[in-house]
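The values are calculated or read from the model by the stated rules, or taken from the named source; none is laboratory data. All values reported here derive from a predicted model rather than from experimental measurement. Note: ideal-geometry Cβ built from the backbone for every residue, glycine included; neighbour counts use all protein chains shown.
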Protein chains: 2
Amino acid sequence: MATRARSATIKDVAAAAGVGIATVSRAFSGAGSVSASTRERVLAAARELDYRPSALGRGLKLRRSGGIGLIVPDVTDPFCAELVAGVLACARTLGEHVIVDAAHGDPAREAEIVDRLVEQRVDGVIAMPAGRDADWRAAARVCSSVVFADRVLPGLPEIPAVLADDAGGVRSLVEYLVGLGHRRIGFLGAAPPAPSATATAAASAAAPPGGPPGPPPGVRERAFRDTLAQLRVPVEEDLIVAARPAGDAAYAAAAGLLQRRADVTAVLAAGHLLGEAAVLVARGLDLRVPADVSIAMVDDVAWAELCDPPLTAVARPARDIGYRACELLLRDRARRGPARPVLLPTELVVRGSCGPLRTARAPGRGTARHA
Amino acid sequence: MATRARSATIKDVAAAAGVGIATVSRAFSGAGSVSASTRERVLAAARELDYRPSALGRGLKLRRSGGIGLIVPDVTDPFCAELVAGVLACARTLGEHVIVDAAHGDPAREAEIVDRLVEQRVDGVIAMPAGRDADWRAAARVCSSVVFADRVLPGLPEIPAVLADDAGGVRSLVEYLVGLGHRRIGFLGAAPPAPSATATAAASAAAPPGGPPGPPPGVRERAFRDTLAQLRVPVEEDLIVAARPAGDAAYAAAAGLLQRRADVTAVLAAGHLLGEAAVLVARGLDLRVPADVSIAMVDDVAWAELCDPPLTAVARPARDIGYRACELLLRDRARRGPARPVLLPTELVVRGSCGPLRTARAPGRGTARHA
DNA sequence: ATGAAAGCGCTAACAC
DNA sequence: GTGTTAGCGCTTTCAT
């Protein structure tokens, strides 16, 4: 029926329905007033022509696209994916679409994405920022609005943010472990991704590839130290290691820790990638969990439950973070203020990977790599 | 410096540089010809004004937005997430942005998303379709182009698609299991999501909520039966169960199978959600893997390696599927033809969850739910 | 090499 | 209640 020419425009519909284009516009947008009969004619004509209002035309007029941008380090990471889902859920209720992209921890790439987003005239952008305060400062100037999710940039306190209460999460985990009797607890933390390049946005093509996700370094470790101190447990520098939260590096760090200090009785991994490494290393070293070592981590991802034994973890509300960030971006844009970051509570999910302190690790175990 | 008025337009730049707007356009797009000195002046003025060309204006003129739509059942599902990553990677190289949304297996929601995408005038859409041939037939008419990824709709063979060779994957798994000596292999398949509502796109607000992901039912099961038959192993209907690949339903199905037939020696789960259920049930029943039952699944997700023992699985190239689908959509739009679906190879990843056939399950094991 | 002008499809005044 | 009109910011002939 319909000739395959080009999609119908508001003008076509107007002609077909024998009305002016403004009437068509009104009939569709609901604004203004149209008589019921006219509206019906218009809608019928539109249906007949397979008419879809062009968001391009509308956007041009309104100077906004009706979409938001979402930048995460990696859509494949379970935490990020959950956060994305939260944003999608909220955006949907607000009638906005979401342009998603992954920066893979590369500040240059991130800046590039922001650029594209600005060109698209998104109504705002939500980001788990990778780095370079300067870039984001510039972005915030030119973007309608920006909100950070799960992480902040130290140099940009004025940008609204939605965060998990990481410190609280780590604290509860440490308290739990110490309550179990552990005193020598290893901390597997995330190393800061890049050597803090605070250079201004130079057009240099040098793209320092940062690692994957990489949670905000610092706050977790600080919480670990503080809680220990508060509990009168000595803090041993030797037990605190930082690694890039990537497969190999994390594995190496975990292995180093567990072999160097055969006397650790528990390991707290500050992220699921680190936790994975800890589990794998323990298995490789033939350490029984939790008999020989207790293991716990931050981020309650799916596999934590499938592990044997299931892993105790701090659940961070990734989906809620995304949802709230989107809300903050779109709904609460009214009350603009340098409000401090929204902190969402975490929850300690106790499973079977942490046990009460035993006297000593079985002799011979964990001192050498096992076949 | 820059007054916070409204973002600069091409006109502003033209004025600032003392040239016509066409020149500015040319300077930015690279098309046409501009003298080096003029281009420099233009670029300088643009930088000064923080000018970003509006994709809205360009899109309106060009009748395309420079973005594509991507519809998946659930961004949180590891397979989907990987597929999304593939699409993003390809889109990036082609300079397109990606509007992502999740349909959660609900055909109505999916149709709604397509509608929005059409309004946005996306250059094409990639989808893991949930259902309703009619909706997609309509979508294909009005969309610039559509490519299916990972699944197809039986009624729409003319829509290009990129699929994993599921049949091949299952076949290799069955051959492997049979080679190990197994004869009574349970098959945990995915039940078709909805009662096949082939109703035309009615505006009825009734939204039948389909389940999560849900792989294409049928081909995996058929491959299972065929391979068994080919290998001269009797096919027992009793060992083939279908479940919605959601937590509870899958768990129930797996439990039912394992308890009803205490003599199964291996279970093949046709998806990672089903595999998860199998692992959990086996653990609940106190069955040792692989001593009492061997377990294997389709989809090599992250936790397969963390399981104890690590799970043998068929890896399906989710990322490649996404990448190829995007390529097909954007690059190969020239050679349009009812070419048959692109099939990407799978790979059998052998780990420790499948063992040679033992004589019998230890007495008492697996006959009742264990604490 | 560059400028003027005509829209792309839409919304929002403003007339009637 | 409905039509007319003036742009929104851009690309693209077509002149020059």
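Here A:Ala223 meets each of (1) within 30 Å of A:Tyr323 (Cα to Cα); (2) at pLDDT 95 or above; (3) out of contact with any helix residue (DSSP H, G or I) (no Cβ under 8 Å at 6 or more places or on another chain) with one exception, condition (3). Going by what's in this entry, would B:Asp106 be described as among the acidic types (Asp, Glu) and within 16 Å of DNA strand C (Cβ to nearest atom)? Criteria not met by B:Asp106. Among residues of the stretch B:142-199 being in contact with a strand residue (DSSP E or B) (Cβ under 8 Å, 6 or more places away or on another chain) and of a type in the set (S, T, N, Q), the one that is modelled with the lowest pLDDT is B:Ser145. Please enumerate the residues belonging to the stretch B:103-141 that are under 18 Å from B:Gly67 (Cα atoms) and at pLDDT below 95. If the condition is that a residue be under 18 Å from B:Gly67 (Cα atoms) and at pLDDT below 95, then B:Ala139, B:Ala140 are the ones that fit. Take B:Ala31 and tell me if it is within 12 Å of DNA strand C (Cβ to nearest atom), at pLDDT below 95 and among the small types (Gly, Ala, Ser). Taking the combined requirement at face value, the residue satisfies it. Scanning the stretch A:47-67 for residues that are within 14 Å of DNA strand D (Cβ to nearest atom), closer than 18 Å to A:Ser7 by Cβ and hydrophobic (A, V, I, L, M, F, W, C) returns A:Ala55, A:Leu56, A:Leu60.
Here B:Tyr323 meets each of (1) within 11 Å of chain A (Cβ to nearest Cβ); (2) in contact with a helix residue (DSSP H, G or I) (Cβ under 9 Å, 6 or more places away or on another chain); (3) not aliphatic (A, V, I, L, M) with one exception, condition (1).
When the stretch B:306-320 is limited to residues that are within 10 Å of chain A (Cβ to nearest Cβ) and free of Cβ contacts under 8 Å to residues at least 60 places away in the same chain, the one that is surrounded by the most Cβ atoms within 10 Å (Cβ to Cβ) turns out to be B:Leu311. Reported count of residues in the stretch B:34-69, each being near DNA strand C (Cβ under 8 Å from one of its atoms) and at the interface with chain A (Cβ under 8 Å from one of its Cβ atoms), is 3. Restricting the first member to the stretch A:59-87 and to residues that are farther than 23 Å from A:Asp135 by Cα, and the second to residues that are of a type in the set (Asp, Glu) and part of a loop (DSSP other than H, G, I, E, B), the beta-carbon pairs closer than 6 Å and six or more apart or on different chains are A:Gly66/A:Glu96; A:Phe79/A:Asp299. Checking each residue in the stretch A:88-97 for being more than 15 Å from the chain's Cα centre (by Cα), aliphatic (A, V, I, L, M) and either surrounded by fewer than 22 Cβ atoms within 10 Å (Cβ to Cβ) or at the interface with chain B (Cβ under 7 Å from one of its Cβ atoms) (or both) picks out only A:Leu94.
Restricting the stretch B:280-305 to residues that are within 22 Å of B:Ala164 (Cβ to Cβ) and in contact with a strand residue (DSSP E or B) (Cβ under 7 Å, 6 or more places away or on another chain), which is nearest to the other protein chains (Cβ to nearest Cβ)? Quick ask: steps written out before the conclusion?
So in the stretch B:280-305, the residues within 22 Å of B:Ala164 (Cβ to Cβ) come out as B:295-305.
From what's left, in contact with a strand residue (DSSP E or B) (Cβ under 7 Å, 6 or more places away or on another chain): B:295-300, B:304.
Values: B:Ile295: 12, B:Ala296: 15, B:Met297: 12, B:Val298: 16, B:Asp299: 13, B:Asp300: 13, B:Ala304: 9 Å.
Once the filter is applied, the top-ranked residue is B:Ala304.
Is there a residue being more than 12 Å from DNA strand D (Cβ to nearest atom), free of Cβ contacts under 8 Å to residues at least 24 places away in the same chain and within 14 Å of chain A (Cβ to nearest Cβ) anywhere in the stretch B:13-33? Taking every residue of the stretch B:13-33 in turn, none turns out to be more than 12 Å from DNA strand D (Cβ to nearest atom), free of Cβ contacts under 8 Å to residues at least 24 places away in the same chain and within 14 Å of chain A (Cβ to nearest Cβ). Of the residues in the stretch B:74-92, none is of a type in the set (D, E, K, R) and within 15 Å of DNA strand D (Cβ to nearest atom).
More than 16 Å from DNA strand C (Cβ to nearest atom), free of Cβ contacts under 8 Å to residues at least 24 places away in the same chain and either within 8 Å of chain B (Cβ to nearest Cβ) or farther than 22 Å from A:Arg319 by Cα (or both), is that true of A:Arg132? No, not satisfied.
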